[in-house]
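Here is the structure we will look at.
Every read-out reported here was derived from the displayed coordinates using simple, explicitly stated rules and does not represent laboratory data. The model shown is predicted, which means the values in this text are computed figures rather than measured ones. A quick note on method: Cβ atoms are made from the backbone with ideal geometry, for glycine too, and the neighbour counts reach across all protein chains shown.
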Amino acid sequence: MKQLPAETVRLLSSSQVITSVVSVVKELIENSLDADATNIDIKLENYGFNRIEVRDNGNGIKAADVPVMAVKHYTSKISSSEDLDRLTTYGFRGEALGSVCSISEVLITTKTAADEFSTQYALDSTGHITSKKPSHLGQGTTVTVLKLFKNLPVRKQFYSTTRKCKEELKKVQDLLTAYGIIKPELRITLTHNKAVIWQKTRVSDHKMACMSVLGTAIMGSMVPFQHCCEDPEINLSGFLPKAESDSSLTSLSSSERSFIFVNNRPVQQKEILKLIRQYYSLVMRKDCTRLYPVFFLNITVPASAVDVNVTPDKTQVLLHYKESVLLAVENVLKSLYGPLPAAVPGESNKTDVTSEDMFAPRTEQTDVMVNEMGPSGNDDPCVHTSFLSLSSDVQNCQAGKNTEICLNHQTFRGDNVHSGLDKREVLKSDAFPDSSFNLLCEEEQNGQNLTDTASNGVPVDPKAAKVDERLLSCDSIDKIVKHEESLVPKSPPGISADHWSRGSAFKNPLGDNLEPVKILIPEVEGTVNEFQNEHNGDESNHPQISLQSTKKRNVISDKFGHVTGYDLISSRIIKKPKSAVGFFTEEHRPEVMADNPKTSMDDILLLIEEKWKNLNEEEKKNYEMKAAKDMERYNREIKKAVGQRGHRPTKEAEKQKPRLKASPSDQQKLDKIFHAQIEKKRKPEEPTKVVTVPFSMSSCRQHLQRRQRNDSDEEELFLIRCQSFPDVWIFATDKKLMLLNPYRLEEALLCKRLLTNHKLPVEKLDKPIVLTDSLVGGAQYMAALYKMQKDYQSFNGSSHLSDPRLVANGFQIIMIEGASAAESHLEIKGLANCLPYYGISDLKEILKAVVNGNAKEVYECRPLKVISYLEGEAVRLARQLPLHLSKEDVQNTIYRMKQQLGKENKGCVHGRPFFHHLTDIPEAYKHNSMEISQ
Ligand code: ADP
Ligand code: MG
């Protein structure tokens, strides 16, 4: 037996701690959180394998600690194992930085509050400092990890496929989501290859944090709970799906949104998860056993009651009184969903919890105990469970101050969660975006399954419209991702608003702008009937498709044999010489066409001919010279072509004589060449995917009838989301089909609302400003101020000007009454504090609008500075909207647009349009639908 070399030992143990990009990110952000950071930026390059940078604004590393910060088993967090009983930090083993150093190149830049400037340290594989230099960064620590797994080729190889890398990135995002929820006040940004792919802003509490990462639609279906036990001390809080919630909103096919925390540490607790899933599937009254409810559960127990040191990544913990914790969780579940039927514990194996739990298996006794308890489950006097309405803020155990004071009347908007990686989103194929699809294929769902018939089509099961358990495996996800990729033309990951509004956001593989929707108007003969024939069982022939394609081909074959402007000499294509008239025509055609825009091409040529005839000799000569030169070029090229052929050693070639005129056979060849080019252009290299969308005329009819019956007043909106482009929705009214950018619309609505009634927060001035005629620009303005509404008169004779036009614009003005009217005066007591250099000139703007512009409403007299501030706020708030809006959200936005914006549809704050007109719906269809619905 031999002892392993120290270097090998280090490598082996390190690669157990750091197993992937996500474990590096986890260790680094936990270090940042332990250093009290409130802002963490994570930047990855090449999925983290080239570079991982985690920057925080925490306490920094003290100069004295720097030499050992990355040396294994050095930590500033505990001194001995007893400290583990009081552990409040994420880290305690002093292993992470050292481990990262042994498998990559590490730079650490840090500055504490006491340091004058930051210093960047380069570290070697043992975690010792090799060099240092001053740096410009502010307080906090930045750890840069380069060339991860540089010395572990097999590990690196493991991540060599894009799929694995994408999965890794998704895991990083899920991890950050967990920390984002448990640390509401933490701001996080995740950047990959310089593009921000996910971010979370600072919010006041867990509810807001959940909203920002899960979205308002999901959080609307959740109920907050809190449960406290005294002996043993267990505190549970969080959010669970409401009993009556829609399972498609509150569950996923994987546990990525099932958040369990023990003492703020994201952990995997299979047994708790299993319990919650049991109750959830019971209440959903369907086979949800493979679904994972979305929930957030924070378990707080004394530090001494947990052992975190179980796995290298600390995601598994041992709870000392796990049975009590399970019981507490069960109590919450029972109060919310009712007790499990007696048979269920036995059946619980159905829930596919596969791996071993860290908990010891639950004893039979516990189950019995649970079943013996009253239905409320709260028999213990020391136990308190409460469910609160989501609108209340009290449920938040760590209720913080509302940081959004300026906008406290705003409804909450979730964070802009930038992710192209959400499995759930990926699972929902673009072809079947939402209920509008479900509705059309109701019939098919009940009846036969439709499969596609085109040979290269992607088979789509209509049932896939719902989150489909069968698509759970990574394999199928990948397939769908690929499918999406192939369906959606490759475009840069972020489509700029500009491109979108110009209609150039989507390109086909040839680079031409793509018209997302084309309405095909049925031809008169034959096709109409075919088109209207619903499900005649003869789908495999695809009558309309085959008809179209033969038509197209005909167009091209017509061209076959046409004389072109080229000759084919010795397999070389040579442009034919142009005549003098030809040159003249070429030069004058644009201008003649411009002068006669409605004239046909034949008449244009006649007009040009006329012009040519009237041309004077000298000018004609000019063109003849050009023609002569072109003839020279033609002859030269022919000579060259023939000469080249002459070099060829084939006898056959020698036999052939140069021909100045292309023979008909050459013309054929030439046509073939051109034809092939057109074909090539027509057929992109990637075969066009054909997706068969199940469509049933009768369910469409049924739907229309239902619609008619329901209410004829309220117009129903047809909305279809494009999963890959969250800011593009297809929107149809009776008359037209449009693209809608709900974010721009929401931004405009927010802006309008802010301009109408947002009150700027006011700060008291140290010294009031006494207003005079000259200060406000004239006596008429002072008079207007005196005339304004006042609220009350205090005992000292002063009254407050409560006119909303002043108050909303952040002016707190009081009138101090003197003995006579002449002795009264006005003074500004408080001013808006959110705008720099805000003051008298802005008051003047308001007064001018009031006096000269007769402004009665707040929005009519907003000073310019306020307008741009509020516009900025609207943009900021709109950016925090969740990336994936629900259909209801968008419907609601459109509804508010109609109510609030009326005809003034000027686009977003930047003037960009909300809608992009695609096409008008032909009259014929409108009549059809009328007939159907009657
Ligand atoms: P542990 O977190 O278990 O203590 P690490 O190897 O992760 O071990 O970190 C070693 C030490 O380096 C920490 O104890 C801490 O003092 C310091 N440190 C690491 N990262 C940071 C950071 N982002 N901010 C401040 N100190 C840090
Ligand atoms: Mg650590």
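On a full-extension model of 0.36 nm per residue, what is the gain between ASP603 and ASN635, subtracting their alpha-carbon distance, rounded to one decimal in nm?
On the way: separation 32, 0.36 × 32 = 11.52 nm, distance 3.31 nm.
Full extension from ASP603 to ASN635 adds 8.2 nm.
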The FRET efficiency for ASP65 and GLN157, from their Cβ-Cβ distance with R0 = 30 Å and rounded to 0.05, is 0.25
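In what order do MET211, MET788 fall by count of nearby beta-carbon atoms within 10 Å, going from fewest to most? Intermediate results must be reported in sequence, preceding the final value.
On the way: MET211 26, MET788 17.
Arranged by neighbour count, lowest to highest, MET211, MET788 become MET788, MET211.
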Residue separation between ASP115 and ALA594 times 0.36 nm, minus their alpha-carbon distance, gives in nm 165.2 nm
Placing +1 on each Lys and Arg Cβ and -1 on each Asp and Glu Cβ in the stretch 163-229, then taking the dipole about the Cα centre, the residue among VAL223, PRO184, ALA195 whose Cα reaches farthest towards the positive end is ALA195
Residues whose built amide H sits under 5 Å from the amide H of VAL223, excluding neighbours closer than 5 in sequence, are LEU240, LYS242
Its Cα gyration tensor gives the stretch 288-342 an equivalent ellipsoid whose semi-axes in whole Å, largest first, are 25, 16, 10
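Are there GluC sites (Glu not before Pro) in the stretch 849-917 that DSSP puts in a loop and that have at most 16 other Cβ atoms within 10 Å, and which ones? Intermediate results must be reported in sequence, preceding the final value.
Numbers: sites: GLU857, GLU860, GLU871, GLU873, GLU888, GLU904; in loops: GLU857, GLU904.
Taking the stretch 849-917 and a limit of 16 other Cβ atoms within 10 Å, the loop GluC sites (Glu not before Pro) found are GLU857, GLU904.
With r defined as the distance between the Cβ atoms of TYR74 and GLU233 and R0 fixed at 30 Å, what FRET efficiency is calculated, to the nearest 0.05? Intermediate values should be presented prior to the final figure.
Details: r = 33 Å, r/R0 = 1.09.
In this case the efficiency is close to 0.35.
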Debye calc, one equal point scatterer per Cα of the stretch 837-884, no solvent, log10 I(q)/I(0) at q = 0.15, 0.18, 0.33 1/Å comes to -0.49, -0.61, -1.12
Here the stretch 853-858 yields Karplus 3J(HN,Hα) values (6.51, -1.76, 1.60; θ = phi - 60°; whole Hz; Gly and Pro given as x) of x, 6, 6, 9, 9, 4
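Remind me, what semi-axes does the stretch 1-157 give for its equivalent ellipsoid, largest first in whole Å, using sqrt of 5 times each Cα gyration tensor eigenvalue? Don't jump to the answer; show the numbers that get you there.
Working: eigenvalues 113, 74, 47 Å².
Ellipsoid half-lengths, sorted descending, are 24, 19, 15 Å.
What Kirkwood hydrodynamic radius, in Å, does the stretch 37-123 give when the mean of 1/r is taken over all pairs of distinct Cα atoms and then inverted?
Mean inverse Cα-Cα distance, inverted, gives 14.4 Å.
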Of all chymotrypsin sites (Phe, Trp or Tyr not before Pro) in the stretch 73-177, the ones in DSSP coil with at most 10 other Cβ atoms within 10 Å are PHE117
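What full-extension length gain, to one decimal in nm, is calculated for TYR837 and GLN780 as 0.36 nm per residue of separation minus the Cα-Cα distance?
Values: separation 57, 0.36 × 57 = 20.52 nm, distance 2.47 nm.
Residue separation times 0.36 nm, minus the Cα-Cα distance, leaves 18.1 nm.
If you build the Cα gyration tensor of the stretch 237-287 and take the root of 5 times each eigenvalue, what three semi-axes come out, in whole angstrom, biggest first? If you can, show how the numbers build up before the last one.
Values: eigenvalues 82, 26, 21 Å².
Over the Cα atoms of the stretch 237-287, the ellipsoid semi-axes are 20, 11, 10 Å.
Please give the direction-averaged projected area of the C-alpha convex hull for the stretch 214-254, in square nanometres with one decimal. Provide the component values of the computation, followed by the final result.
On the way: hull surface 15.1 nm².
That works out to 3.8 nm².
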Amide H proximity to ASN39 below 5 Å, modelled H, separation 5+ or other chain, gives ASN57, ARG187
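Shape verdict for the stretch 43-94, please, from the Cα gyration tensor: rounded (a/c under 1.5), prolate (a/b greater than b/c) or oblate.
On the way: a/c = 2.22, a/b = 1.84, b/c = 1.21.
In terms of gyration-tensor shape, prolate.
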Given 25 °C, 0.890 mPa s and a Kirkwood radius over Cα pairs, the Stokes-Einstein diffusion coefficient of the stretch 781-927 in µm²/s is 129
With T = 37 °C, eta = 0.692 mPa s and Kirkwood Rh from C-alpha pairs, the Stokes-Einstein D of the stretch 1-66 in µm²/s is about 237
Expected vector for the stretch 796-809, Karplus 3J(HN,Hα) from phi with 6.51, -1.76, 1.60 and θ = phi - 60°, integer Hz, x for Gly and Pro, equals 8, x, 9, 10, 9, 7, 9, 4, x, 5, 8, 5, 5, 8
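Convert 25 °C to kelvin, take the viscosity as 0.890 mPa s, use the Kirkwood radius over C-alpha pairs of the stretch 720-851 as Rh, and evaluate the Stokes-Einstein diffusion coefficient in µm²/s, rounded to a whole number. Before the final figure, lay out the partial values.
Working: Rh = 17.7 Å.
So the translational diffusion coefficient is about 139 µm²/s.
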Per the 1/(1 + (r/R0)^6) rule, R0 = 56 Å and r from the Cβ atoms of MET625 and MET697, FRET efficiency to 0.05 is 0.25
Sorted by chain and number, the residues with a modelled amide H under 5 Å from that of GLY60, at a separation of 5 or more or across chains, are GLY140, THR141
